Amino acid sequence: MPVPSADFKQALKQLSEKEKEALILRLVRKDAEAYDTLAFELLDEVTLETLFERSTQIIHDILFTANGRSLSKALNRALKKSTQEIARYYRITKDRKGEVELHLYLLGLVFENFTGQFDSIYKGFYVATARLVLRTISLIQKYLHEDYHLEYQDQLNQFLTDLNGRSKRRQLPFNLP
């Protein structure tokens, strides 16, 4: 992402209000994320809760519409798209707790509905899920208060127990706690 130079900032200051408005409208027509960010900043009806609900719905739809020759590979792609949606949510809102909650929601869906695919001959989905659990743990430890560590501990331990109980655990290129 480019950093605005001093000349750029000076040129922006010299624009009239009408020119700035036209420039912003042209920008948001081309970039949906810029539109969502500005809508979040400017509109009262776009709140953290509405963006969170929209992201959970998108993640749900991505996971449950995954299809292809190999369900394991399709779920691996769906997991990647879902994590991209979570990253998009964070870029728009800068809400770390919401980001962690979305990670836990995604992991909950995976462990409730798709653990049978961990035993597939393709290990990609299992490895991606294990990485997502580790990423969630590191986000909690790095960005959230210690009280949240205790709140999420049981759920994360349940995920880790399930992952460690699988035979593919030995094929992981990293260690699970």
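The values are calculated or read from the model by the stated rules, or taken from the named source; none is laboratory data. Computed from a prediction, not measured in an experiment: that's the story for all the values here. Reconstructed Cβ throughout: ideal geometry from the backbone, glycine too, with neighbour counts over all protein chains shown. Surface accessibility is based on the protein's heavy atoms, side chains included, excluding ligands, DNA and RNA. Shrake-Rupley method; radii C 1.70, N 1.55, O 1.52, S 1.80 Å.
For region 78-177, give me every one of the helices (runs of 4 or more DSSP H) that falls completely inside it and has 2 or more residues that are within 21 Å of Arg54 (Cβ to Cβ).
96-113, 124-143
Report, by residue number, each residue of region 12-51 that is open to solvent by less than 50 Å² (accessible area, probe 1.4 Å) and among the aromatic types (Phe, Trp, Tyr).
Kept after step one, since they are open to solvent by less than 50 Å² (accessible area, probe 1.4 Å), are these residues of region 12-51: 28, 33-34, 36-37, 39-40, 46-47, 51.
Listed by number, the list holds a single entry, Phe40.
Pick from region 88-102 the residues that are farther than 15 Å from Tyr143 by Cα and under 9 Å from the mean Cα position of the chain (by Cα): which of them is surrounded by the fewest Cβ atoms within 10 Å (Cβ to Cβ)?
Top of the filtered list is Arg88.
So which of Tyr152, Tyr122, Tyr105, Tyr148 is farther than 20 Å from His60 by Cα, modelled with pLDDT of 95 or more and surrounded by 11 or more Cβ atoms within 10 Å (Cβ to Cβ)? Full working, then the answer.
Details: Tyr122 fails: modelled with pLDDT of 95 or more; Tyr105 fails: farther than 20 Å from His60 by Cα; Tyr148 fails: modelled with pLDDT of 95 or more.
Exactly one of Tyr152, Tyr122, Tyr105, Tyr148 is farther than 20 Å from His60 by Cα, modelled with pLDDT of 95 or more and surrounded by 11 or more Cβ atoms within 10 Å (Cβ to Cβ), namely Tyr152.
List the number of the failed condition for Ser55; all other conditions in (1) closer than 24 Å to His145 by Cα; (2) small (Gly, Ala, Ser); (3) touching a Ser or Thr at 6+ places or on another chain (Cβ under 6 Å) hold.
Only one criterion is unmet by Ser55, namely (3).
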